[in-house]
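Input: a single structure, listed below in structure tokens.
The values are calculated or read from the model by the stated rules, or taken from the named source; none is laboratory data. The shown structure was predicted, so the numbers you read here are calculated from the model rather than taken from an experiment. Cβ placement follows ideal geometry from the backbone for every residue including glycine, while neighbour counts extend to all protein chains displayed.
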Amino acid sequence: MAGALSTGQGTPAAVRRPQLELAVENADGVLLAAAVGAARVELCAALAETEGITPSIGTIEQACGLGLPVHVLVRPRPGNFTYSPGELDVIERDAAAALGAGAAGVVVGVLASDGGPDVKAIRRVVAAARAVRPDAEVTFHRAFDAALAAGLDPAEALSRLEEAGVDRVLTSGGGPDCAAGLEMLGRIVKQGRRSAPSVQIMAGGGVTLALVPSLLEAGVHAVHTSARPRYGGGDRAGAADHGLAARMAAAVSAVPLMQPTNEGQ
């Protein structure tokens with residue numbers, strides 16, 4: 001639900017615990033995520049080849065039968081995030097289909113001609129999703145970082161997402177990864193409290209185990225990772241490593257419950 005600051009297990013809104021989201025490609029990934037205690041998964045296809053596109057309906061149905069909340073990436077093609085009317089129609093249809101197949105939410109990203117989040121288009125996707133499942137959560141993916149790279153002010157970008165009905169944003173802080181964007185991530189969290197208090201900030205992009213404490217210290221609501229270790233040449237493994245995922249989950253859960261600040265409110 002939009003802006004809920006809770007563990008999902010009855011914790012009052014006055015406190016929150018950061019959550020771990022794993023990016024996975026199949027049912028095995030969902031089972032791994034459940035085993036290490038992740039809060040949810042982002043389900044996508046062709047992660048290594050394309051940085052993620054919409055998975056098949058069969059994959060979605062299979063993943064959604066395993067008991068962990070599944071948020072489906074709805075991205076019809078690799079490349080930029082400015083879509084034709086026909087592509088937007090596909091995104092709306094795929095979002096509705098994913099929710100109809102049992103997904104708890106969808107992950108989307110649409111940019112307008114000025115390089116910032118396209119409020120009108122995102123509202124259409126949000127409406128299509130919630131027409132199927134009223135409590136569906138909508139995450140805006142790292143198209144947000146492309147918006148920052150285009151020069152849009154983070155507060156303006158966040159305000160647009162809140163206006164469009166988005167629940168959370170996935171961002172590396174505008175950098176190529178979260179290590180490079182760490183300082184900006186902290187600023188985004190603070191700006192979000194003022195300009196878009198209902199939008200959760202989820203750090204993702206090149207997240208390492210060593211970086212997790214710094215991300216949580218910056219105040220993010222969640223950490224997103226594929227938990228795929230890198231080889232010596234810098235390439236990532238094709239699937240998540242159970243041990244690495246478990247250590248990341250432990251690092252996130254080790255953070256004590258945090259009182260939300262009243263800054264800007």
Open item on the list: Can you pull out every residue in the stretch 120-151 that is more than 23 Å from Gly175 (Cα to Cα) and aliphatic (A, V, I, L, M)?
Closed with: Ala121, Ile122, Val125, Val126, Ala127, Ala128, Ala129, Ala131, Val132, Ala136
Open item on the list: If Ala129 satisfies all but one of (1) touching a helix residue (DSSP H, G or I) at 6+ places or on another chain (Cβ under 9 Å); (2) within 23 Å of Thr208 (Cβ to Cβ), what's the number of the condition it fails?
Closed with: (2)
Open item on the list: Pairs needed: first member in the stretch 91-104, modelled with pLDDT under 95; second member anywhere, part of a helix (DSSP H, G or I) and buried (at least 20 other Cβ atoms within 10 Å of the Cβ); C-beta distance under 6 Å; at least 6 residues apart or different chains.
Closed with: none
Task: From the options Gly165, Gly175, Gly151, residue that is over 23 Å from Glu42 (Cα atoms), out of contact with any Cys (no Cβ under 9 Å at 6 or more places or on another chain) and surrounded by fewer than 22 Cβ atoms within 10 Å (Cβ to Cβ) - done: Gly151
Open item on the list: Can you confirm whether Ala97 is surrounded by fewer than 21 Cβ atoms within 10 Å (Cβ to Cβ), under 30 Å from Ala34 (Cβ atoms) and of a type in the set (Gly, Ala, Ser)?
Closed with: yes
Open item on the list: I need a count of the residues in the stretch 172-210 that are of a type outside the set (Gly, Ala, Ser) and out of contact with any strand residue (DSSP E or B) (no Cβ under 7 Å at 6 or more places or on another chain).
Closed with: 13
Open item on the list: Between a residue in the stretch 151-171 that is within 18 Å of Ala127 (Cβ to Cβ) and any residue that is at pLDDT below 95, which pairs come within a Cβ distance under 6 Å, given they are 6 or more apart or on different chains?
Closed with: Asp167/Ala2
Open item on the list: Condition (residue is at pLDDT below 95 and either in contact with a Cys (Cβ under 9 Å, 6 or more places away or on another chain) or not aromatic (Phe, Trp, Tyr) (or both)) applied to the stretch 245-253: is it met by at least one residue?
Closed with: yes
